[in-house]
Amino acid sequence: MRHLAFALFCFFAVPAPAAAIDLAGDLVPGGMAVGWTEPDARVFLGDRPVMVGEDGVFVIGFGRDQGPSQQVTIIHADGRVEQQMLTVAHRAYETQRIDQLDQNMVTPDPETEARIAADQAAVRAARATPSERRDFLMRFIWPATGPISGVYGSQRILNGVPKAPHFGTDIAAPEGSPVVAPADGEVRLAEPGFYLTGGTIILDHGHGIYSSYLHLSALEVKSGQMVRQGQRIGAVGATGRATGAHLHWGLNWHETRLDPALLAPPMPAPVP
Ligand SMILES: [Zn+2]
């Protein structure tokens, strides 16, 4: 009996070695992290199931206002459970005021509102079916080069009215400048004339990671087409709701908006 008590004491008092979950990436709001586990394991971020590749790779993303912690749970095929609380670092955002926009772009009439809703439904449909692609494992490059004129997460006040935060990175570049695929992917959407976003392309990089390119003046790819990193997909423009020629580059993990700038190296210096 004494022996049993001792054994039980040991069992509860000596914790199993903390099996840290194998994860690499940016544990910040807007960040993406890649992990590895056994292929037949089930992975959850909070209570949300996460896709696991045939070699056990998985990717998770953190929204703009996510934090200060997120729990990852891995349930192995033998029933063993691994759990880890991730600390998501605090991130501050700037406030950006844009005035003198056409009022119909800020407070649309019902007809325009219906058009915007249809555009948004097409965008949601383009991102609805995650693929097994694994292009998100590549080191991304900038899709366009130029001064960064808008950053992820900033709060926009349009004509004095607070709007949704800015979910992407704006790169100022002359109209017609090349836009290239920052990583391999498959074109999920290529639409020349959305109301707010103008010429719009969405690329699928696998496991719910999608990148988007807005306000394009020209589209050079079609939906369903495979693209390679560095391949030209379109041209910078000012179509849709844009105050000047720039590329809006967006990144999603499923419907969660991420910060694409976190994936890219430092912006190359301008060529004199
Ligand atoms: Zn933008």
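The values are calculated or read from the model by the stated rules, or taken from the named source; none is laboratory data. Keep in mind that what you see is a predicted model, and the values were worked out from it rather than measured. Heads up, the Cβs are rebuilt from the backbone with ideal geometry, glycines too, and the neighbour counts pull from every protein chain shown.
Below are the figures for this structure:
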read-out	value
Residue within the stretch 215-232 that is surrounded by fewer than 19 Cβ atoms within 10 Å (Cβ to Cβ), within 13 Å of the ligand (Cβ to nearest atom) and modelled with pLDDT of 95 or more present	no
Total residues in the stretch 233-272, condition within 14 Å of the ligand (Cβ to nearest atom) and either surrounded by fewer than 16 Cβ atoms within 10 Å (Cβ to Cβ) or in a loop (DSSP other than H, G, I, E, B) (or both)	10
From the options SER223, SER211, residue that is of a type in the set (S, T, N, Q), part of a strand (DSSP E or B), touching a residue at least 24 places away in the same chain (Cβ under 8 Å) and under 30 Å from VAL52 (Cβ atoms)	SER211
Elements of type strands (runs of 3 or more DSSP E) in the stretch 126-180, at least 2 residues being modelled with pLDDT of 95 or more, of a type outside the set (Phe, Trp, Tyr) and touching a helix residue (DSSP H, G or I) at 6+ places or on another chain (Cβ under 7 Å)	none
Complete set of residues in the stretch 157-177 that are touching a Leu at 6+ places or on another chain (Cβ under 8 Å) and more than 16 Å from the ligand (Cβ to nearest atom)	ASN159
Scope the stretch 102-116; condition touching a residue at least 24 places away in the same chain (Cβ under 8 Å) and not in a loop (DSSP other than H, G, I, E, B); matching residues	GLN103, MET105, VAL106, THR112, ARG115, ILE116
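Results for (1) surrounded by 10 or more Cβ atoms within 10 Å (Cβ to Cβ); (2) at pLDDT below 95; (3) in a loop (DSSP other than H, G, I, E, B); (4) polar (S, T, N, Q), shown as yes or no for each residue.
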position	(1), (2), (3), (4)
ASP65	yes, yes, yes, no
THR73	yes, no, no, yes
GLN96	yes, yes, no, yes
GLN100	no, yes, yes, yes
ALA118	yes, no, no, no
